[in-house]
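One structure is given below, encoded as structure tokens.
The values are calculated or read from the model by the stated rules, or taken from the named source; none is laboratory data. As the structure is a prediction and not an experimental result, all values here were calculated from the model. So basically every Cβ, Gly included, is an ideal-geometry build from the backbone, and we count neighbours across all protein chains shown.
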2 protein chains.
Amino acid sequence: MINTETKLQNDLLLRAARQQPTERAPVWLMRQAGRILPEYRAVREKFPNFIEFVKTPERAAEVTIQPVDILGVDAAIIFSDILVIPEAMGLAYEMVEKRGPYFPKTIQTIEDVRKLRVCDGVDDLSYVMEAIKITKKELNNRVPLIGFAGAPFTLFCYMIEGSGSKTFSKAKKMLYTSPEIAHELLQKITDSTIAYLKAQIVAGVDLIQVFDSWAGVLSAVQYEEFSLKYIQQICDAITEVPKTVFAKGAFFALKSMKNLNCEVVGLDWNMDIQESATLLGNKKTLQGNLDPCALYGSFSSISAYTKLMVEEFGDVPFIANLGHGLYPDTDPEKVKCFIEMVKEFSVKK
Amino acid sequence: MINTETKLQNDLLLRAARQQPTERAPVWLMRQAGRILPEYRAVREKFPNFIEFVKTPERAAEVTIQPVDILGVDAAIIFSDILVIPEAMGLAYEMVEKRGPYFPKTIQTIEDVRKLRVCDGVDDLSYVMEAIKITKKELNNRVPLIGFAGAPFTLFCYMIEGSGSKTFSKAKKMLYTSPEIAHELLQKITDSTIAYLKAQIVAGVDLIQVFDSWAGVLSAVQYEEFSLKYIQQICDAITEVPKTVFAKGAFFALKSMKNLNCEVVGLDWNMDIQESATLLGNKKTLQGNLDPCALYGSFSSISAYTKLMVEEFGDVPFIANLGHGLYPDTDPEKVKCFIEMVKEFSVKK
């Protein structure tokens, strides 16, 4: 592993994650490399489908760096997709325009689970590693690069359900009818994810984030058993770089996440910042949490909401972000306004 | 208004709502009159579309009573749809098979809002009133009849967005860009809803429930301004019967709902029962909150989860229900098991 961190020109993200002093809060946005940028759409257009785009390291690196140049964020996040893991395990998917991911075959039986492979990050996902290496080279130590993976439960949801869903009732059905199959699958996803994240770190990422996008469909008790347990394994296994866990909608799990071996916890805009800090034992750096819809407002309204958010963090160490990914129809100028306002309002006096 | 309540053979629901002594907890299920019952599907089949079905009082009454006869629930809830209000205000919708509601025209400007009428419950929604009267007659005072409406914010979501959505980002956009248009529309929906619920009470319903299905997309601050404020108006206006407010996903609003002029608060399965009771100042009867997916489990598993739920309520007065509507592929025998287990486990010693 090459430790490039000490050479970073802007290491605000890493210092904030480790609760070291910073001049101001670092800021980046989930889905910053994406459809909001015309420059991204110009690259995206060249590919007949999304998955092919993800698998082209040069282009993935290009769109990863765009928001650093265009928006002025304090970190890049490697452009990829959480569903590359199921695919590397042997479960192919398609990305259907305007509908989202679709798995022609889903996991239903223990035999289905056993046919899946535990993937090796370096070989099975070499295109991601290649994209990371190119990005690191081209970023030239300007800002840190974030690696990521979906939380095992979120990947499980797609692998059973076969597509997005408001309730993920098919996936959840398995938790009630065949918990042993669910656990065997979750363990296999977890082992694959650890290998994948370790490979990302070797390739050069400076921090990793685990996205549990569908955490909110579970009860607190089920969340402990079917999600947090596996996130814990990931956090315990990754010791090389700081870790962020973002469990969307899992307000009920904050109390338990206090004990998670991670530096940063992501919040959505439903969660009260000070209350969350307390539930997390005042031990974590927080990340978030402006409502992405706030960026539809006027510049002065964005400025006011950003100020309010910064004030709500108060003395809690934080990384400014949205409470969810950017919505595709957001005006890039509004995104820039949010970024600039964070930089202005969060300066330490 | 005819007060039939004193003649009810089973008034457990109303006593629980008013925190009066009960022998055991009352139980009913959201979406109990629906696709899980073959008897419902037999009636549904006769109609080319869902809205025509809703507008046929004899058939609406028939499916309203089915779960009382077939499942043994302690209350009926009038079979209807929350979107009858936008329609009565002048905004037509369609129900698209497997996709949900769709509004060919949506509300975008202040002129659009001003073209809408404040509906009169008795005349504009006479088909619902007729269905209530037939149901009351045929129920013959066996159990109470619940009336309902969508919360103004939830109706607003559909009227702006035009269909279901995971984020309702178009509807929320208006809250940030044109809050004054949003408030004018919300007030018009609220006035219509109050008239509608008052008409339902005159027609014979014994309790009303307000469903805020999309509460969870808002931040706590926006929820106060754009949702709770209007629910409060409804609760203050309805004095004739007990009121239940169910704001799905609005865990962050429980503290404020303490001051709402309603007897019952619905909980989803993410919310901790005892914590919610405390946040609500121990002043409300609670309703809920089993995960609908729990009914996919075996009979013994359903029994165990139901027992756990009843124990979690402890001394808190409650009405047993799910934390969300029944999912359509639930086995009616499993639903019966839940109902029977509530009746068994909740007997007061």
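Hey, any hits in segment B:242-257 for a residue that's farther than 28 Å from A:Gln222 by Cβ, in contact with a helix residue (DSSP H, G or I) (Cβ under 6 Å, 6 or more places away or on another chain) and not hydrophobic (A, V, I, L, M, F, W, C)? Checking segment B:242-257: at least one residue is farther than 28 Å from A:Gln222 by Cβ, in contact with a helix residue (DSSP H, G or I) (Cβ under 6 Å, 6 or more places away or on another chain) and not hydrophobic (A, V, I, L, M, F, W, C). Each residue in segment B:308-349 was checked for being within 14 Å of chain A (Cβ to nearest Cβ) and either buried (at least 21 other Cβ atoms within 10 Å of the Cβ) or charged (D, E, K, R) (or both), and 12 of them qualify. Of all residues in segment A:70-127, those that are more than 24 Å from A:Trp28 (Cβ to Cβ), crowded, with 19+ Cβ neighbours inside 10 Å and over 18 Å from the mean Cα position of the chain (by Cα) total 10. Kindly check whether there is at least one residue in segment A:283-298 that is touching a residue at least 40 places away in the same chain (Cβ under 8 Å) and in a loop (DSSP other than H, G, I, E, B). Within segment A:283-298, not a single residue is touching a residue at least 40 places away in the same chain (Cβ under 8 Å) and in a loop (DSSP other than H, G, I, E, B). Checking each residue in segment B:251-260 for being more than 11 Å from chain A (Cβ to nearest Cβ) and more than 17 Å from B:Val316 (Cα to Cα) picks out B:Ser256, B:Asn259, B:Leu260. Residues in segment A:44-69 that are surrounded by fewer than 19 Cβ atoms within 10 Å (Cβ to Cβ), within 22 Å of A:Pro332 (Cα to Cα) and among the hydrophobic types (A, V, I, L, M, F, W, C): A:Phe50 only. When B:Cys235 is tested against (1) under 26 Å from B:Leu29 (Cβ atoms); (2) not in a helix (DSSP H, G or I), exactly one condition is not met: (2). Across segment B:200-219, the number of residues qualifying as part of a helix (DSSP H, G or I) and closer than 25 Å to B:Asn10 by Cβ comes to 4. Screening segment A:151-164 for residues that are in contact with a Pro (Cβ under 9 Å, 6 or more places away or on another chain) and over 21 Å from A:Phe246 (Cβ atoms) and picking the one that is farthest from the other protein chains (Cβ to nearest Cβ) gives A:Gly162.
When the test is whether a residue is closer than 18 Å to A:Tyr127 by Cβ and either in contact with a Ser or Thr (Cβ under 7 Å, 6 or more places away or on another chain) or in contact (Cβ under 8 Å) with a residue 24 or more places away in the chain (or both), A:Gly147 passes it.
The set of residues in segment B:293-307 that are facing another protein chain (nearest Cβ under 9 Å) and crowded, with 24+ Cβ neighbours inside 10 Å comprises B:Cys293, B:Ala294, B:Leu295. Taking the criterion of being assigned to a helix (DSSP H, G or I) and in contact with a Phe, Trp or Tyr (Cβ under 7 Å, 6 or more places away or on another chain), the only residue of segment A:253-270 that qualifies is A:Ala253.
Scoring B:Glu263 on the criteria (1) buried (at least 24 other Cβ atoms within 10 Å of the Cβ); (2) away from chain A (no Cβ under 14 Å) leaves a single failure, condition (1). Out of B:Gly249, B:Gly266, B:Gly297, B:Gly281, one residue alone is touching an Asp or Glu at 6+ places or on another chain (Cβ under 8 Å) and not charged (D, E, K, R). It is B:Gly249.
Scan segment B:18-27 and give yes if some residue there is assigned to a loop (DSSP other than H, G, I, E, B), crowded, with 19+ Cβ neighbours inside 10 Å and under 17 Å from the mean Cα position of the chain (by Cα), otherwise no. Yes, because at least one residue in segment B:18-27 is assigned to a loop (DSSP other than H, G, I, E, B), crowded, with 19+ Cβ neighbours inside 10 Å and under 17 Å from the mean Cα position of the chain (by Cα). Take B:Ala277 and tell me if it is part of a helix (DSSP H, G or I), away from chain A (no Cβ under 14 Å) and surrounded by 21 or more Cβ atoms within 10 Å (Cβ to Cβ). Against the criterion (part of a helix (DSSP H, G or I), away from chain A (no Cβ under 14 Å) and surrounded by 21 or more Cβ atoms within 10 Å (Cβ to Cβ)), B:Ala277 qualifies. When A:Thr167, A:Thr177, A:Thr190 are checked against the criterion of being of a type in the set (Val, Ile, Thr), at negative phi and away from chain B (no Cβ under 14 Å), A:Thr190 stands alone in meeting it.
Checked against the criterion of being in a loop (DSSP other than H, G, I, E, B) and closer than 19 Å to A:Leu29 by Cβ, segment A:303-316 contains not a single residue that satisfies it.
Select from segment A:203-252 the residues that are crowded, with 23+ Cβ neighbours inside 10 Å and acidic (Asp, Glu) and write down the one among them that is farthest from A:Gly266 (Cα to Cα). This residue is A:Asp206.
Would you confirm, using the coordinates I've provided, whether B:Lys255 is among the basic types (Lys, Arg) and surrounded by 20 or more Cβ atoms within 10 Å (Cβ to Cβ)? The answer is no for B:Lys255. Taking the criterion of being within 14 Å of chain A (Cβ to nearest Cβ) and either charged (D, E, K, R) or in contact (Cβ under 8 Å) with a residue 40 or more places away in the chain (or both), the residues of segment B:224-250 that qualify are B:Glu224, B:Glu225, B:Phe226, B:Ser227, B:Ala247, B:Lys248. Does segment A:95-104 contain any residue that is closer than 26 Å to A:Gly266 by Cβ, touching a residue at least 24 places away in the same chain (Cβ under 8 Å) and of a type in the set (A, V, I, L, M)? For segment A:95-104, residues closer than 26 Å to A:Gly266 by Cβ, touching a residue at least 24 places away in the same chain (Cβ under 8 Å) and of a type in the set (A, V, I, L, M): present.
Of all residues being in a loop (DSSP other than H, G, I, E, B) and surrounded by 14 or more Cβ atoms within 10 Å (Cβ to Cβ) in segment B:1-17, which is modelled with the lowest pLDDT? Just the residue, please. That would be B:Thr4.
Looking at segment A:328-346, can you tell me whether even one residue there is within 29 Å of A:Tyr223 (Cα to Cα) and touching a Phe, Trp or Tyr at 6+ places or on another chain (Cβ under 6 Å)? No, that holds for no residue.
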